[in-house]
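One structure below.
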Amino acid sequence: MAPLLTDLAPYHDVPDHSYVTIEHPGIIQNINNGLASLGSDKRLGNFFNSQAPARSLNLSLRPEEAFRKPIESRAVSIESVVLQVTVPKRTGRKRKRGSDEPFAWSEEQPRDDIQLADYQLRCLKDNPQNSTMKPVGMTEETHRFRDESLRKFKFDEGRGIHAFNDMMPPPTMAQNSMPFNYVYRQNAMVRTTVDAAGRQITYNRQAPSRIFTLTVPYDCPPSEIPKETPAAAPPEESLDESLKSLIKQTREFLQSTRPIATRRVLLNHVGQHYANELKHVFQYCGYYFRSGPWRDALIPFGVDPRTGPKFRGYQTMTFKIIVRNKENEPEDRSKWNRSVRLNPTEAPDNMTHFFDGTKITHDAKVWQACDITDPLLRSILDGDPPRDTCEILQDGWYLNGAWAKARVIMRDKIGLIMSGVTPTDALYEKLVAIPNLLTVENLQVATFFAKKDGFRVMEMAGDIRHMARVVGGDPTERGKSKRNQAAENRGKTALLQSESTTVGDEETVADEETIADDEGLGGTVVAEEEDDDELLEMDG
């Protein structure tokens with residue numbers, strides 16, 4: 001028998017309104033705090049107005065902390081009807097359940113959970129006749145802040161080391177990106193072998209050979225000067241014939257032609273095409289000083305250039321030269337640029353290690369004193385006999401003034417050549433007149449003034465005084481800091497100038513300029529205790 005129409009449930013019209021449900025993981029007791037955890041009004045507006053099929057919400061349980069990473073929601077498609085349920089408002093009166101006694105006022109404190117869903121459901125069950133219910137729209141999308149896979153996740157509570165110890169947590173639980181490279185592959189050039197002790201080891205077939213070149217400090221005791229090839233270097237008998245031939249040529253050159261030589265000198269001797277092979281030869285032929293007058297020069301084993309003045313011609317001058325390419329020059333000129341190296345195919349001849357004062361080649365930054373053929377510099381270096389004792393920190397067997405003048409003038413000439421200007425010796429006449437031995441007594445002769453002699457001459461004279469490190473002629477005073485040394489020089493300069501017979505406005509201004517120059521405020525010299533290079537930064 002078919003049911004009567006009166007037995008069917010009533011029909012309700014569902015309005016054409018769309019809703020989005022959000023399954024918040026927290027208990028909402030304050031609607032404002034609940035909305036704040038989902039973002040600002042702008043973010044919620046962008047979410048509701050978005051037509052993207054994979055839109056999501058970000059939930060932050062601590063919205064007041066900006067550095068807390070939010071949790072992203074996961075959209076789930078549903079088909080549900082949104083109902084508006086109205087229950088009687090609570091009056092505060094009570095009676096025992098199941099009795100017919102009248103409701104009476106209660107003195108108990110009002111409950112805090114009156115807005116909770118379970119309490120509202122209880123009110124609906126207790127007042128079925130006084131409650132109303134009507135549909136207000138459809139919801140086809142809900143957002144959840146959980147993943148069903150979390151239900152299957154369990155910690156291994158057993159003791160000991162377990163498998164998959166280094167595995168990252170599931171992405172839904174990770175609060176930040178994990179640095180795991182899932183496309184890692186072992187290097188194809190890594191091989192496995194067995195060493196002499198029977199242990200299994202791995203090695204890289206493309207790894208470069210290690211070079212065991214010996215270096216010593218400038219104050220190395222004579223008894224500790226290296227006398228043979230380091231034991232860690234491969235045996236000379238195991239090398240190929242080309243390296244053996246290069247070692248033989250280098251040793252013959254150091255024995256017969258020049259006892260001390262820079263890398264550029266040796267490269268010009270054996271040929272530019274041996275540039276890569278030559279660096280493996282040095283460990284079999286000699287050692288290096290890390291700093292001092294013979295820095296960056298190859299010295300045969302057992303030879304100490306500090307023992308005799310015959311080695312002063314092989315002292316080195318080092319300059320930091322930066323060659324800039326105007327077409328590819330970066331906007332920020334303070335960025336470091338790699339120095340330009342000469343292509344072996346562009347080497348004009350095997351004389352690039354000489355400096356004649358008219359041209360240079362950008363294949364290195366070190367020159368030896370015997371390779372300087374410029375007449376002006378040659379007259380400075382050969383002007384006085386060697387000093388009695390070797391100054392191991394910087395000057396070697398040259399007098400402090402002569403070595404400082406040669407370095408400053410050569411640096412200036414290199415800068416002019418790099419900028420396309422041919423240097424003239426007339427500019428350096430006053431600098432050449434500075435004594436080759438600078439002491440406190442003759443320091444006034446090395447002092448020039450901008451208005452009288454020109455700013456450039458005054459600047460280079462200040463560099464000469466600084467490089468000579470005039471501190472009472474005592475080499476042990478060179479260990480003092482640059483600031484204390486400049487203060488002493490400043491006081492001595494002022495004392496000498498106060499004894500001058502000429503006093504006027506011009507000399508007062510010059511005193512101030514000399515003091516500023518002594519402090520190193522102007523000029524381009526990088527003055528270091530053990531790395532005393534000159535910095536030339538020119539447009540090439």
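The values are calculated or read from the model by the stated rules, or taken from the named source; none is laboratory data. Note that this is a predicted model, so its numbers are computed, not measured. For neighbour counting, all protein chains shown are included, and Cβ atoms are generated from backbone atoms with ideal geometry for every residue, glycine included. SASA here: full protein model, heavy atoms, side chains in, ligands and nucleic acids out. Shrake-Rupley method; radii C 1.70, N 1.55, O 1.52, S 1.80 Å.
General observations
- Taken over the stretch 42-76, the criterion of being open to solvent by 70 Å² or more (accessible area, probe 1.4 Å) and more than 21 Å from residue 139 (Cα to Cα) is satisfied by 42, 61, 62, 64, 65, 66, 67, 68, 69.
- Test: residue in the stretch 97-115 that is at pLDDT 75 or above, in a loop (DSSP other than H, G, I, E, B), open to solvent by less than 60 Å² (accessible area, probe 1.4 Å) and of a type outside the set (Ser, Thr, Tyr): no
- Restricting the stretch 117-145 to residues that are modelled with pLDDT under 85, open to solvent by less than 100 Å² (accessible area, probe 1.4 Å) and out of contact with any Asp or Glu (no Cβ under 8 Å at 6 or more places or on another chain) leaves a set whose member that is nearest to residue 78 (Cα to Cα) is 117.
- Among the criteria (1) over 18 Å from residue 296 (Cβ atoms); (2) buried (at least 16 other Cβ atoms within 10 Å of the Cβ), the one residue 256 does not fulfil is (2).
- Single unsatisfied condition, residue 287 versus (1) part of a strand (DSSP E or B); (2) open to solvent by 60 Å² or more (accessible area, probe 1.4 Å): (2)
- Residue list for the stretch 240-266, restricted to those being in contact with a Pro (Cβ under 9 Å, 6 or more places away or on another chain) and part of a helix (DSSP H, G or I): 251, 254, 255
- Pair list, Cβ < 9 Å and 6+ apart or interchain, from the stretch 217-238 residues that are under 25 Å from residue 392 (Cα atoms) to residues that are open to solvent by 100 Å² or more (accessible area, probe 1.4 Å) and part of a loop (DSSP other than H, G, I, E, B): 217/290; 217/530; 218/290; 218/530
- Filtered by the rule that a residue be of a type in the set (A, V, I, L, M), more than 14 Å from residue 279 (Cβ to Cβ) and open to solvent by 60 Å² or more (accessible area, probe 1.4 Å), the stretch 203-252 gives 231, 232.
- Test: residue in the stretch 263-275 that is open to solvent by 20 Å² or more (accessible area, probe 1.4 Å) and within 28 Å of residue 467 (Cβ to Cβ): yes
- Any pair with Cβ under 6 angstrom, 6 or more apart, that starts in the stretch 70-94 at a residue that is closer than 26 Å to residue 135 by Cα and ends at one that is outside any strand (DSSP E or B) and open to solvent by 70 Å² or more (accessible area, probe 1.4 Å): 88/130
- Any pair with Cβ under 9 angstrom, 6 or more apart, that starts in the stretch 268-292 at a residue that is under 18 Å from residue 363 (Cβ atoms) and ends at one that is part of a loop (DSSP other than H, G, I, E, B) and small (Gly, Ala, Ser): 268/347; 272/347
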